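> Sharing a structure, written as structure tokens. Questions coming.
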Amino acid sequence: MPKLTEAESNNAIADRLPAMTPMGQPLDWAWLRGAPSEWGVRPKPSARGLTMSDIAIGTYGEVPEQAQRRSMAGRGSTVEGDAPDMGYILNKKSDVWSDNVRELYEEAVARQWSATRDIPWNELPELPSDIEHAVCQVFTTLAEIEMIAADLPAKWMWRMNHDYLEAKMFLCTQIMDEARHTEVFRKRALSNGGGLLYSRSSGESLLRSILEAKTYTQATALLHLLGEGFILDIFRMGELIAPSHVEKKIFRMAMQDEARHVAYGTMHLRYAVENDPDVAEEIHEALDHGELLLTTFGTNADFGSALAYLLGGGEEHIEDKGFPLQMEMQRHQFTSYLSRCERAGISRLERTKLPLDLLGIDVSKIRGTSATAA
Amino acid sequence: MSTFDVTNIKLYEDLASHMNHQSEHFRILGDADMTMVFAVQTPDKTLHFQLVFSELRCDAVDLVPADEAHMADFSLVGSVESWSDMFDDIYANGGASGPWTINSLALRGDRISCEGNDPMGLDKFSRFNQTLQDFLDGAGRLDLIRSQP
Ligand SMILES: [Fe+2]
Ligand SMILES: [Fe+2]
């Protein structure tokens with residue numbers, strides 16, 4: 001007897017299966033008979049396991065420039081019938097994509113950490129009261145602003161077409177990261193005999209304008225590139241403001257996560273501008289406004305003064321060390337930000353209203369994506 | 001006199017070997033993928049030791065010419081004295097103490113700076129910073145490794 005092909009064998013099984021459920025409902029065995037979607041792919045796991053890049057093969061790896069459907073059907077599946085419109089408004093690849101998004105998703109999954117377990121909480125030293133107050137003010141503000149970077153992706157994710165699921169998956173990791181940042185900063189504020197201190201309005205106006213951005217690309221420019229770039233540099237500076245190795249570790253671990261968020265934003269904006277040059281003006285407009293608000297936030301009375309106090313190591317050196325280091329820090333922050341803008345293909349050098357001379361920024365180092373981290 | 005010869009590739013090879021025997025420790029931090037350079041400035045030339053990190057390992061250590069070093073994600077540049085002082089601090093304390101972490105040093109930039117042509121490459125210094133620090137902290141244990149047969 002000739003051997004049946006795989007399709008013939010499955011069809012034969014389907015033919016033998018009942019046509020009705022025991023309750024009298026019709027049964028459909030179409031999935032067993034096969035579908036027009038691609039069958040028989042066999043992605044090879046790489047050394048680290050089976051990654052999202054490994055399974056982006058054949059038609060499954062083809063991310064459409066313009067999504068054809070508005071349903072949650074998985075990219076590459078066979079879609080039949082009318083699914084309800086899920087209300088997606090980000091239906092172009094350039095709306096959400098970045099070329100590093102799969103890599104960043106895998107990195108995020110691999111580099112998750114625990115604020116409960118991985119920080120040596122019982123090694124926190126007793127600090128002088130003034131320093132503990134400054135530490136608590138810094139962490140009060142940080143714990144307050146972290147969640148904007150979860151709320152903002154959450155606001156837009158359900159509007160993103162499901163064909164761009166890798167971008168949505170990466171944003172899920174960002175939301176988890178921000179939960180952990182809120183957690184670790186709140187824990188630090190409460191863990192050493194201090195507590196939460198002031199929240200005042202100047203920080204909140206920046207948060208609100210990020211949340212209220214009219215398009216996702218404007219929102220990502222304000223959040224991932226401007227806001228999180230700024231916060232990334234604050235975490236880097238954690239080495240200088242942290243009074244003990246415990247806070248240093250908190251900042252270093254959070255810094256790693258933050259750099260991923262910035263990497264997504266920078267490369268998303270680049271992809272957006274390359275594929276739809278018209279969005280450049282929209283991004284510039286958002287950044288014109290965002291830079292102004294960020295400058296206000298940087299001089300936030302509570303956060304700014306607490307930072308300067310810690311940078312100076314206390315009262316005695318706040319003027320000869322604290323404030324000069326804070327100026328130095330701002331130079332770092334704006335230099336990194338302007339360099340990332342260059343990399344994203346939205347040069348701000350001719351347009352920004354930031355006082356570059358006053359900040360001591362060397363524009364020649366930034367132009368054409370050339371930059372130094374320190 | 002420093003405990004370490006920072007101009008000798010063997011130091012970086014030993015650190016890589018140490019990392020590659022500690023996969024359980026580095027697994028907690030997660031995969032790290034980057035190509036970076038330790039640029040060690042001697043009075044007459046700069047030595048570029050290029051390290052390739054992949055997943056939980058440091059897979060390659062090479063002395064490369066300057067024009068190749070520029071292709072790395074980032075370079076950490078410092079004098080022989082600065083690198084020696086950093087490694088001596090790690091050795092003395094079993095890990096970098098406050099001002100001697102690589103992030104502190106690169107942040108101040110006066111003794112060791114982090115350089116590169118691409119902000120995305122430079123940001124990998126931040127993305128994988130704890131892995132890099134733990135890699136360097138391996139110098140605190142190198143006497144044990146070197147004394148092994
Ligand atoms: Fe965060
Ligand atoms: Fe973030």
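> If I filter region A:282-291 for residues that are in a helix (DSSP H, G or I), at pLDDT 95 or above and farther than 28 Å from A:Ser205 by Cβ, do I get at least one hit?
No - not one qualifying residue is present in region A:282-291.
> For region A:54-112, how many residues are out of contact with any Gly (no Cβ under 6 Å at 6 or more places or on another chain), among the polar types (S, T, N, Q) and over 30 Å from B:Ile28 (Cα atoms)?
Going through region A:54-112 one residue at a time, the tally reaches 7.
> Kindly establish whether A:Leu197 is of a type in the set (A, V, I, L, M, F, W, C), without any contact (Cβ under 8 Å) to a residue 12 or more places away in the chain and on the phi < 0 side of the Ramachandran plot.
no
> Would it be correct to say that B:Leu107 is closer than 29 Å to A:Phe230 by Cα and either hydrophobic (A, V, I, L, M, F, W, C) or at the interface with chain A (Cβ under 8 Å from one of its Cβ atoms) (or both)?
yes
> Related question: Condition first: touching a helix residue (DSSP H, G or I) at 6+ places or on another chain (Cβ under 7 Å), of a type in the set (Gly, Ala, Ser), more than 22 Å from A:Leu325 (Cα to Cα) and open to solvent by 10 Å² or more (accessible area, probe 1.4 Å). Can you find one or more residues in region A:262-280 that meet it?
Among the residues of region A:262-280, at least one is touching a helix residue (DSSP H, G or I) at 6+ places or on another chain (Cβ under 7 Å), of a type in the set (Gly, Ala, Ser), more than 22 Å from A:Leu325 (Cα to Cα) and open to solvent by 10 Å² or more (accessible area, probe 1.4 Å), which makes the answer yes.
> Condition first: within 13 Å of ligand 1 (Cβ to nearest atom) and within 9 Å of chain B (Cβ to nearest Cβ). Now tell me which residues in region A:253-269 satisfy that.
A:Met253, A:Met255, A:Gln256, A:Asp257, A:Glu258, A:Ala259, A:Arg260, A:Val262
> Something else now. Sort through B:Leu142, B:Leu63, B:Leu47, B:Leu51 and tell me the only one that's more than 12 Å from chain A (Cβ to nearest Cβ), outside any helix (DSSP H, G or I), more than 27 Å from A:Met237 (Cα to Cα) and open to solvent by less than 30 Å² (accessible area, probe 1.4 Å).
Of the residues listed, the single one that is more than 12 Å from chain A (Cβ to nearest Cβ), outside any helix (DSSP H, G or I), more than 27 Å from A:Met237 (Cα to Cα) and open to solvent by less than 30 Å² (accessible area, probe 1.4 Å) is B:Leu47.
> Among the residues of region A:217-235, how many are within 13 Å of ligand 1 (Cβ to nearest atom) and open to solvent by 10 Å² or more (accessible area, probe 1.4 Å)?
Going through region A:217-235 one residue at a time, the tally reaches 3.
> For A:Ile241, which of the numbered conditions (1) within 16 Å of ligand 1 (Cβ to nearest atom); (2) within 14 Å of chain B (Cβ to nearest Cβ) fails to hold?
Only one criterion is unmet by A:Ile241, namely (1).
> Taking helices (runs of 4 or more DSSP H) that fall entirely within region A:112-217, which contain at least 2 residues that are under 30 Å from A:Asp276 (Cα atoms)?
A:148-157, A:165-190, A:201-211
The values are calculated or read from the model by the stated rules, or taken from the named source; none is laboratory data. Given the structure is predicted, the values throughout are model-derived calculations rather than measurements. Every residue, glycine as well, gets a Cβ built from its backbone with ideal geometry; the counts of neighbours run over all protein chains shown. Note: accessible area is taken over every heavy atom of the protein model, side chains too, but ligands, DNA and RNA are not part of it. Shrake-Rupley method; radii C 1.70, N 1.55, O 1.52, S 1.80 Å.
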